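A.B. asks: Have a look at this one before I ask anything.
Read-outs throughout are calculated quantities, based only on the coordinates presented, and are distinct from any laboratory measurement. Computed from a prediction, not measured in an experiment: that's the story for all the values here. Counting neighbours? That spans all protein chains shown, and the Cβs are built from the backbone with ideal geometry, glycine included.
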Amino acid sequence: MENTKVVFENEYVYIISKEHGVPCQSKDQDDIAQAYKSSHFISRLDQPAAGLLMLAKSPKAANMFSSHFKKGRIQKQYVALVEGIGMPQAGILKDQVLKRGQKSYVEEEAEEKNAVLEFQVNTVLDRYTLVDISIQSGRFHQIRSQLAAAGFPIKGDLKYGAKRSNKEGGIYLCCTSITFPADQTGLPMSLKVHPSEYLLPLWKFYDENKGNF
């Protein structure tokens, strides 16, 4: 499929790299679900985001990896470029994130917290900040809504309060790393990409020597 590539494959799983703008599932355009019809999503990415995602090759493999996911054996790392500077060097956001229609909202006054996001500043530019991110849950649009609620919307993400879109399209959110048990032995394997592999030009300022977490 155009603008996607398989970066790892075995008898159980595909790890796919997708470009900004490629949908996982869509009613009116080519998507990853159609290209890999017999596969099952273990992780997805929003259409305007880029990076790595996981597909199981069979129902049995899907059950195995879903179990790994629930037990915390599958870890994903993200990078975002957010509007503004002055973000704390590192921190944890704990929020109640609820989906309404095709958007998520942070309930400011909620006592219960169902979404945890850990961040660490990677690089500060003139008007933007590159941030490494890890999430402990998988709520709909979680990263986008939590960063926006914290006052740092993702560059280009008009849906969550960005000032303007990117002329190239997409938003500055990328899944750069997946660590997972590659087979039935349970031994972990890590795959990584640098965000500069993707379309948006400011990804080139990401410092991989500072890394994720």
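A.B. asks: Could you please find all residues in segment 122-139 being in contact with a strand residue (DSSP E or B) (Cβ under 8 Å, 6 or more places away or on another chain) and within 21 Å of residue 179 (Cα to Cα)?
C.D. replies: Once the filter is applied, which keeps residues that are in contact with a strand residue (DSSP E or B) (Cβ under 8 Å, 6 or more places away or on another chain) and within 21 Å of residue 179 (Cα to Cα), segment 122-139 yields 122, 131, 132, 133, 134, 135, 136, 137, 139.
A.B. asks: Taking the stated definitions as given, is residue 139 in a helix (DSSP H, G or I) and surrounded by 14 or more Cβ atoms within 10 Å (Cβ to Cβ)? Steps first, please.
C.D. replies: Values: in a helix (DSSP H, G or I): no; surrounded by 14 or more Cβ atoms within 10 Å (Cβ to Cβ): yes.
Considered against the rule, which asks whether it is in a helix (DSSP H, G or I) and surrounded by 14 or more Cβ atoms within 10 Å (Cβ to Cβ), residue 139 comes out as no.
A.B. asks: Same structure, new question: Identify, by number, the condition in (1) assigned to a strand (DSSP E or B); (2) within 16 Å of the chain's Cα centre (by Cα); (3) of a type in the set (Val, Ile, Thr); (4) crowded, with 17+ Cβ neighbours inside 10 Å that residue 171 doesn't meet.
C.D. replies: Condition not satisfied by residue 171: (1).
A.B. asks: Restricting to segment 44-67, give me the number of residues that are aliphatic (A, V, I, L, M) and in a helix (DSSP H, G or I).
C.D. replies: Within segment 44-67, the subset aliphatic (A, V, I, L, M) is 45, 49-50, 52-56, 61-62, 64.
With in a helix (DSSP H, G or I) added as a condition, the list becomes 61-62, 64.
Residues meeting the conditions: 3.
A.B. asks: Quick one: how many residues across segment 190-210 are free of Cβ contacts under 8 Å to residues at least 40 places away in the same chain and either assigned to a loop (DSSP other than H, G, I, E, B) or in contact with a Pro (Cβ under 8 Å, 6 or more places away or on another chain) (or both)?
C.D. replies: 3
Residues checked against (1) among the basic types (Lys, Arg); (2) part of a loop (DSSP other than H, G, I, E, B); (3) surrounded by 14 or more Cβ atoms within 10 Å (Cβ to Cβ); (4) at negative phi:
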{"position": "78", "(1), (2), (3), (4)": "no, no, yes, yes"}
{"position": "99", "(1), (2), (3), (4)": "yes, no, no, yes"}
{"position": "110", "(1), (2), (3), (4)": "no, yes, no, yes"}
{"position": "131", "(1), (2), (3), (4)": "no, no, yes, yes"}
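A.B. asks: Looking only at residues in segment 11-43 that are outside any loop (DSSP other than H, G, I, E, B) and aromatic (Phe, Trp, Tyr), which one is farthest from the chain's Cα centre (by Cα)?
C.D. replies: We begin by selecting, within segment 11-43, every residue outside any loop (DSSP other than H, G, I, E, B); these are 13-18, 32-35, 40-41.
Filter again for aromatic (Phe, Trp, Tyr), leaving 14, 41.
Numbers: 14: 17, 41: 14 Å.
Result: 14.
A.B. asks: Still on this model: I need a count of the residues in segment 16-38 that are loosely packed, with under 13 Cβ neighbours inside 10 Å and either among the β-branched types (Val, Ile, Thr) or touching an Asp or Glu at 6+ places or on another chain (Cβ under 9 Å) (or both). Walk me through it before giving the result.
C.D. replies: Taking segment 16-38 and keeping what is loosely packed, with under 13 Cβ neighbours inside 10 Å, we get 25, 27-29, 34, 37-38.
Okay, now just the ones that are also either among the β-branched types (Val, Ile, Thr) or touching an Asp or Glu at 6+ places or on another chain (Cβ under 9 Å) (or both), so 25.
Residues meeting the conditions: 1.
A.B. asks: A further question follows. Return the total of residues in segment 103-144 being hydroxyl-bearing (Ser, Thr, Tyr) and more than 22 Å from residue 202 (Cβ to Cβ). Give the steps one after another, and end with the answer.
C.D. replies: Just the residues of segment 103-144 that are hydroxyl-bearing (Ser, Thr, Tyr), to begin with: 104-105, 123, 128-129, 134, 137.
Filter again for more than 22 Å from residue 202 (Cβ to Cβ), leaving 104-105, 137.
Residues that pass the stated criteria total 3.
A.B. asks: Take residue 119 and tell me if it is outside any strand (DSSP E or B), touching a strand residue (DSSP E or B) at 6+ places or on another chain (Cβ under 8 Å) and crowded, with 19+ Cβ neighbours inside 10 Å. Reasoning before the result, please.
C.D. replies: Values: outside any strand (DSSP E or B): no; touching a strand residue (DSSP E or B) at 6+ places or on another chain (Cβ under 8 Å): yes; crowded, with 19+ Cβ neighbours inside 10 Å: yes.
No.
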